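I have placed the structure first, in the form of structure tokens, so that the comments after it can refer back to it.
The values are calculated or read from the model by the stated rules, or taken from the named source; none is laboratory data. From a predicted model like this one, the values you see are computed outputs, not experimental measurements. So basically every Cβ, Gly included, is an ideal-geometry build from the backbone, and we count neighbours across all protein chains shown. These area figures cover heavy atoms from the full protein model, side chains too; ligands, DNA and RNA do not enter into them. Shrake-Rupley method; radii C 1.70, N 1.55, O 1.52, S 1.80 Å.
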Amino acid sequence: MKKLLISCLSFLLAGALFQACDDSKTYAEMLQDEEDAVNKFIRDEGIQVISQDEFERNDTVTNLDRNEFVSLSDGVYMQIVDRGSEDLNDTFKDGDEICVRFEERNLLENEITCFNVFLDGYEDANQYYMDPAVFRYTLESTYAYGTFIQQAYAWSIAHSSSTEVPSGWLLALPFVRDNAHVRLIVPSRMGISESQNSVIPYYYDIRKFSKAVN
């Protein structure tokens, strides 16, 4: 009887482990889910994807009437809604502190996960949109990175107070100027560590990239 009980328990444990393994996804499967989610978003939103060569031939402009997004490096897609300042020299430079107002959407779940702009339905959540996020922009040769020095309230909740700025955000900065408005589709590998580990793509409507006033 004792041997039979042990055998039954072993069988149940093996079954539970098999089920757990069966429910988990491989990294390749998670990448496929990410690709499917991005493609679905592009399709559902009627986005017209253009190449970077075409984008540069068109004076680095995306046609809003056609809902164009340019395909940048590492799977990032960008739409420039407003290039910002009319002063061609008012670009973002190494060491600038940049304020950001944005909305973030998880494309796997198709839900808003973070924001610091006024959104319908969140009228009473004034702590969410009271302050901009602020990060320091650093350029080292051909490498760029950003570090938050002031986080949006919702960012600290949604992303465990991470000070990382998504790398995908930074790809937009060479093409725009102070007070720009851009939209970005950012795959996990161009996001923060959390999204890389969980393989989550995000859509960002960055209403404003603006230089902080000292």
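Things to note:
- Considering only beta bridges that DSSP places wholly inside the stretch 39-119, some 65 percent are antiparallel.
- Nearest-ten-degree value, helix 27-44 long axis tilted from longest Cα axis of the chain: 50 degrees
- Here the chain is assigned +1 on the Cβ of each Lys and Arg and -1 on the Cβ of each Asp and Glu. Its dipole about the Cα centre then comes out at about 720 debye.
- Projecting the Cα positions of ILE42, PRO187, MET130 onto the charge dipole of the chain (unit charges on Cβ atoms of Lys, Arg, Asp and Glu, taken about the Cα centre) puts PRO187 furthest along the positive direction.
- Computed about the Cα centre, the dipole magnitude for the stretch 18-107 is approximately 180 debye when only Lys and Arg (+1) and Asp and Glu (-1) carry charge, each at its Cβ.
- The share of C-alpha pairs in the stretch 43-166 whose separation exceeds 24 Å stands at 42 percent.
- Added length on full extension, which subtracts the Cα-Cα distance from 0.36 nm per residue, ARG57 to GLU111: 16.0 nm
- Estimated FRET transfer efficiency when R0 is 25 angstrom, pair THR142-LYS93 (beta carbons, to 0.05): 0.95
- Amide H contacts of THR62 (H built 1.01 Å from N, in plane; Pro and chain starts excluded): ILE80 sit under 5 Å, all sequence-distant by 5 or more or on other chains.
- Karplus-derived 3J(HN,Hα) values for the stretch 59-76, using 6.51 cos²θ - 1.76 cosθ + 1.60 with θ = phi - 60°, are 6, 6, 10, 9, 6, 6, 4, 8, 6, 7, 10, 8, 7, 8, 6, 6, x, 7 Hz; glycine and proline are entered as x.
- Residues considered: GLN196, GLN127, GLN150. Largest GNM mean-square fluctuation over the chain, using C-alpha springs under 10 Å, is found at GLN127.
- Listed residues THR91, THR26 arranged by accessible area, highest first, probe 1.4 Å: THR26, THR91
- Computed over protein heavy atoms with a 1.4 Å probe, the accessible surface of the stretch 106-190 works out to 48 Å² per residue.
- Whole-percent carbon and sulfur share, accessible surface of the chain, 1.4 Å: 50 percent
- Cα lying deepest toward the dipole's positive end in the chain, options VAL100, PHE69, GLY146, charges on Cβ: GLY146
- Kirkwood-type radius of the chain, with distances r between different C-alpha atoms, in Å: 19.1 Å
- Hz values of 3J(HN,Hα) by residue in the stretch 197-207 - Karplus curve (6.51, -1.76, 1.60), Gly and Pro given as x: 5, 8, 6, 10, x, 10, 10, 10, 9, 8, 5
- Counting only residues at least eight positions apart within a chain, or on another chain, the aspartates and glutamates with an alpha carbon under 16 Å from that of LYS25 are ASP33, GLU34, GLU35, ASP36.
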